[in-house]
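S.K.: Before I ask anything, here is the structure I am working with.
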Amino acid sequence: MLNPQLNSQGELIHLLTTEGLPKRILNQILDRAAEYIAAGDAGTRKFNALAGRSVFNLFFENSTRTRTTFEIAAKRLSADVTSLNIQASSTAKGETLLDTIQNLEAMGADMFVVRHAQSGAPYLIAEHAKPGIAVVNAGDGRHAHPTQALLDMYTIRHYKGDFTQLRVAIVGDILHSRVARSDIHALSTLGCPEIRVIAPKTLLPVGIESLGVHVYHDMAAGLKDVDVVIMLRVQNERMSGAFLPSTQEFFKYYGLTPEKLAHAHPDAIVMHPGPMNRGVEIDSAVADGDRAVILPQVTFGIAVRMAVMAIVSENQRGQGAQA
Amino acid sequence: MLNPQLNSQGELIHLLTTEGLPKRILNQILDRAAEYIAAGDAGTRKFNALAGRSVFNLFFENSTRTRTTFEIAAKRLSADVTSLNIQASSTAKGETLLDTIQNLEAMGADMFVVRHAQSGAPYLIAEHAKPGIAVVNAGDGRHAHPTQALLDMYTIRHYKGDFTQLRVAIVGDILHSRVARSDIHALSTLGCPEIRVIAPKTLLPVGIESLGVHVYHDMAAGLKDVDVVIMLRVQNERMSGAFLPSTQEFFKYYGLTPEKLAHAHPDAIVMHPGPMNRGVEIDSAVADGDRAVILPQVTFGIAVRMAVMAIVSENQRGQGAQA
Amino acid sequence: MLNPQLNSQGELIHLLTTEGLPKRILNQILDRAAEYIAAGDAGTRKFNALAGRSVFNLFFENSTRTRTTFEIAAKRLSADVTSLNIQASSTAKGETLLDTIQNLEAMGADMFVVRHAQSGAPYLIAEHAKPGIAVVNAGDGRHAHPTQALLDMYTIRHYKGDFTQLRVAIVGDILHSRVARSDIHALSTLGCPEIRVIAPKTLLPVGIESLGVHVYHDMAAGLKDVDVVIMLRVQNERMSGAFLPSTQEFFKYYGLTPEKLAHAHPDAIVMHPGPMNRGVEIDSAVADGDRAVILPQVTFGIAVRMAVMAIVSENQRGQGAQA
């Protein structure tokens with residue numbers, strides 16, 4: 001099967017998932033993001049990569065934070081940005097998803113940034129989008145959240161340099177996490193030799209080992225000597241009922257405290273996609289401590305989203321070579 | 001009575017209705033829109049006509065689609081655009097409509113794009129607006145939707161060239177449709193010799209014949225040899241109760257199917273203002289068929305709105321002559 | 001205690017309150033605003049003071065009008081503006097105020113415009129903001145509304161020239177009014193020799209005399225020979241119950257009618273922060289009369305907000321001297 005993210009020259013034209021994304025593409029994105037970070041440090045914060053282009057943020061699932069990061073990234077690339085909360089829009093009038101997309105294309109859309117509660121929705125849109133229109137997945141169901149994974153990779157590369165010697169642990173609600181899936185695929189491709197997941201059995205998908213990860217149910221064992229700890233957000237709605245007994249219980253066994261973190265390598269970094277539930281999956285002493293790189297993740301996230309948007313836009317216009 | 005849309009030199013300074021709008025103004029708008037379409041095809045998508053100007057989208061009635069098209073059009077003309085959902089705003093605090101308008105004028109507004117459930121609201125605003133401030137009607141009650149009519153005229157001219165040999169049928173809920181009214185006035189002015197309306201008696205306004213249209217209650221007869229079919233959206237809330245027995249019943253008699261469309265001229269085009277109710281007023285086989293020009297309508301709609309905004313802005317500033 | 005609004009050179013780096021703000025800073029803001037007004041009159045409406053800068057409007061309390069004025073002001077300075085309605089955002093997910101702020105800083109925020117129902121919230125943000133990031137208070141609880149006070153001062157200076165000979169009366173719900181507090185501090189600093197407050201006892205804070213104002217409960221006496229009348233908005237929710245018997249009763253005793261205004265100096269100006277409750281605190285004959293300067297206040301408000309944003313941004317970047 002062809003990878004719908006790549007054109008016939010193997011260039012990125014949509015970003016839908018990190019699964020199956022070649023290492024050279026991952027590195028291209030991280031390298032471009034590094035250029036934006038360097039330019040920003042040198043005082044340059046506006047670029048022309050999307051000047052005159054129309055970017056539509058289509059958020060079928062509400063997420064002010066992620067929507068804001070994409071809006072900022074697009075504006076720094078000089079795009080015209082329109083954010084649509086689709087519940088409030090025409091779908092309420094009975095229009096289908098593809099009718100909505102075709103209408104926005106007819107209005108002159110160049111890029112769709114899509115968040116949807118349904119896994120696969122961004123694929124459907126990419127499949128039906130006219131040539132020249134890029135789709136960026138901003139999170140679909142439990143499936144994928146590729147820009148989060150890319151900013152995580154940027155963060156790890158920034159602090160650790162080389163992936164081929166690292167032990168990385170992903171901790172928490174693996175079952176419902178599109179971040180965990182996308183991180184695992186990206187880490188594998190980038191050559192990370194040891195990826196661990198740490199979670200209670202009720203929060204692990206069946207067959208997770210097939211992705212090449214090592215499963216732990218105990219933090220002391222799972223965090224032993226790791227270089228990177230990626231904490232996941234626990235959704236409050238999982239906290240009572242079938243999945244988890246209580247917030248207190250979860251924090252006791254899986255909340256990242258200084259004591260549990262002491263099992264990791266002394267130079268380990270702590271990551272979190274945000275927003276954090278302090279006292280649930282992470283202790284404030286760790287969240288605000290000197291090993292947390294959670295706020296740098298946010299900064300890198302803007303640069304990574306700028307990189308993705310610039311690259312897919314260039315490739316859609318056939319400018320990948322000269323860019 | 002003076003036409004409040006025109007200044008003393010007969011130039012367009014507000015767009016409130018297509019009724020009584022001279023043919024030369026209609027053609028001026030269509031010609032300017034054609035320039036924007038041509039420029040876009042040649043790769044130029046940003047213009048300076050509204051640079052430094054403040055456009056306010058005042059939507060007293062929610063319409064994400066229409067609001068979005070005006071936002072995009074204004075941004076492509078380099079305006080600063082502010083969209084206000086007025087239910088959420090000061091009117092909730094007891095401020096009157098004209099207080100709101102005067103306040104926005106004092107903030108430096110140059111143009112108001114107004115949608116309102118009450119017929120005539122844009123007139124009231126235009127009447128009280130300070131000199132130099134343009135008002136564009138984006139739909140008022142059952143009264144008028146002039147930019148929709150203008151994009152419809154653009155579409156017909158694009159595909160058919162000349163209005164003076166055309167048979168045009170407008171189909172569906174004529175009674176509640178501001179689009180139908182605005183289309184009829186524009187078609188008449190542009191010289192269309194035969195305008196038909198096709199609808200059940202409960203969805204026809206009393207005295208519609210006075211507008212010079214021919215009334216049909218039967219699709220086979222009404223569509224016979226027409227060159228253009230303009231379908232109207234049926235509001236779901238009309239579907240049960242006094243106006244219509246049911247969705248199925250309406251589709252059976254007035255839904256546009258390939259069979260019914262076969263009565264029209266073989267080259268007939270099918271138009272719809274969107275969003276479509278597939279299976280109610282239009283069959284998907286027609287909506288997605290090769291005679292539908294529904295998506296081009298959307299593209300032309302951006303260019304027509306750009307043209308209207310640019311022209312009224314120039315004329316308000318007394319630059320109509322040199323523009 | 002140090003003034004958190006000023007840096008070590010005594011330059012404005014945040015605008016939190018007019019209390020304790022030196023006269024030279026007040027005049028600096030008014031002078032800069034006058035430059036923007038003059039430029040606008042001469043046809044220049046866009047400036048580069050905030051080009052490439054990211055301004056976040058953080059409205060924890062809804063106010064379309066104030067948010068809009070800050071958006072317009074920021075866009076005229078060429079900023080990238082993002083408005084967040086914070087109830088709808090991450091705080092709903094349990095994130096703390098300071099987590100939200102730190103995240104927006106990490107996204108590259110340069111300025112926060114903050115409205116909050118809790119007095120002191122903008123101080124908390126300014127205290128924790130990273131160096132280089134400016135905070136502008138757009139109204140906090142009953143505490144302060146400094147940009148409203150500054151636009152009031154601009155208006156008075158525009159019409160009256162000199163503060164040192166003026167009698168100013170502030171009328172209405174002093175108890176709940178952040179505008180009244182901020183006006184009193186600014187008027188005192190600018191040398192206004194006689195500040196009066198006129199209100200029923202239930203709408204006056206205890207100890208208001210300590211601010212140097214003269215208290216009146218009667219309009220005829222309180223308005224006697226004043227040069228400036230600042231009406232306050234009466235919140236409808238105060239109107240039934242403990243504070244006030246009824247709207248009619250309030251209008252009878254404290255609503256500004258032409259008859260009551262006749263007690264003031266013949267050249268007195270009438271101000272109101274808007275939106276007005278016509279027939280409650282102000283009669284339409286006064287609101288629309290020739291002594292009302294309520295709409296010019298709105299115009300000056302844009303320029304004053306531009307001035308504040310430009311000045312704090314320059315000073316945060318250490319460019320105060322050359323600017």
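S.K.: I'm trying to understand the selection: among the residues of region A:252-307, which are touching a Gly at 6+ places or on another chain (Cβ under 9 Å), without any contact (Cβ under 8 Å) to a residue 40 or more places away in the chain, outside any helix (DSSP H, G or I) and of a type outside the set (Asp, Glu)?
M.R.: Hits for region A:252-307 are A:Gly255, A:Arg278, A:Gly279.
S.K.: Return a yes/no flag: does region B:49-68 have any residue that is of a type in the set (Asp, Glu), part of a strand (DSSP E or B) and at negative phi.
M.R.: no
S.K.: Right, something else. Looking at region B:59-75 only, could you name the residues that are touching a residue at least 40 places away in the same chain (Cβ under 8 Å) and either open to solvent by 20 Å² or more (accessible area, probe 1.4 Å) or farther than 19 Å from B:Thr100 by Cβ (or both)?
M.R.: Residues of region B:59-75 that are touching a residue at least 40 places away in the same chain (Cβ under 8 Å), as a first pass: B:59-61, B:63, B:65-67, B:69-70, B:72-74.
Listed by number, the residues that qualify are B:Phe60, B:Glu61, B:Arg65, B:Thr66, B:Arg67, B:Thr69, B:Ile72, B:Ala73, B:Ala74.
S.K.: For B:Thr69, all conditions in the list (1) away from chain C (no Cβ under 14 Å); (2) modelled with pLDDT under 90; (3) under 26 Å from B:Glu314 (Cα atoms) hold save one; what is the number of the exception?
M.R.: (2)
S.K.: Can you find a residue in region A:90-98 that is part of a loop (DSSP other than H, G, I, E, B), small (Gly, Ala, Ser), open to solvent by 10 Å² or more (accessible area, probe 1.4 Å) and more than 14 Å from chain B (Cβ to nearest Cβ)?
M.R.: Within region A:90-98 (the criterion being part of a loop (DSSP other than H, G, I, E, B), small (Gly, Ala, Ser), open to solvent by 10 Å² or more (accessible area, probe 1.4 Å) and more than 14 Å from chain B (Cβ to nearest Cβ)), the answer is no, since none of the residues qualifies.
S.K.: Could you please let me know if B:Ala34 is among the hydrophobic types (A, V, I, L, M, F, W, C), part of a helix (DSSP H, G or I), open to solvent by 10 Å² or more (accessible area, probe 1.4 Å) and without any contact (Cβ under 8 Å) to a residue 12 or more places away in the chain?
M.R.: Here the answer is no, as B:Ala34 does not meet what is asked.
S.K.: Turning to a different aspect of this structure: In the set A:Thr44, A:Thr17, which member is buried (at least 16 other Cβ atoms within 10 Å of the Cβ) and either away from chain B (no Cβ under 12 Å) or at pLDDT 95 or above (or both)? Let's see the steps before the verdict.
M.R.: On the way: A:Thr44 fails: buried (at least 16 other Cβ atoms within 10 Å of the Cβ).
Just one listed residue meets the conditions, A:Thr17.
Residues checked against (1) at positive phi; (2) surrounded by fewer than 23 Cβ atoms within 10 Å (Cβ to Cβ):
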| site | (1), (2) |
| --- | --- |
| C:Ala138 | no, no |
| C:Gly141 | yes, yes |
| C:Tyr154 | no, no |
| C:Arg157 | no, yes |
| C:Lys160 | no, yes |
| C:Gly172 | yes, no |
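S.K.: Of the residues A:Gln5, A:Gln28, which is farther than 23 Å from B:Gly43 by Cα, open to solvent by less than 40 Å² (accessible area, probe 1.4 Å) and at pLDDT 95 or above?
M.R.: Values: A:Gln28 fails: open to solvent by less than 40 Å² (accessible area, probe 1.4 Å).
The match here is A:Gln5.
S.K.: Inside region A:200-219, can you point out the residues that are open to solvent by less than 40 Å² (accessible area, probe 1.4 Å) and either of a type in the set (Ser, Thr, Tyr) or closer than 22 Å to A:Pro266 by Cα (or both)?
M.R.: Answer for region A:200-219, where residues must be open to solvent by less than 40 Å² (accessible area, probe 1.4 Å) and either of a type in the set (Ser, Thr, Tyr) or closer than 22 Å to A:Pro266 by Cα (or both): just A:Met219.
S.K.: Hey, can you tell me all the residues within region B:69-89 that are in a loop (DSSP other than H, G, I, E, B) and of a type in the set (A, V, I, L, M)?
M.R.: Passing the criteria: B:Leu77, B:Ala79.
S.K.: Now a separate question. Here's a check for you: in region B:224-275, which residue that is more than 23 Å from B:Ile195 (Cα to Cα) and open to solvent by less than 20 Å² (accessible area, probe 1.4 Å) is modelled with the highest pLDDT?
M.R.: Among them, the one singled out is B:Pro275.
The values are calculated or read from the model by the stated rules, or taken from the named source; none is laboratory data. The structure presented is a predicted model; accordingly, all values stated were derived computationally and were not measured. Reconstructed Cβ throughout: ideal geometry from the backbone, glycine too, with neighbour counts over all protein chains shown. Surface accessibility is based on the protein's heavy atoms, side chains included, excluding ligands, DNA and RNA. Shrake-Rupley method; radii C 1.70, N 1.55, O 1.52, S 1.80 Å.
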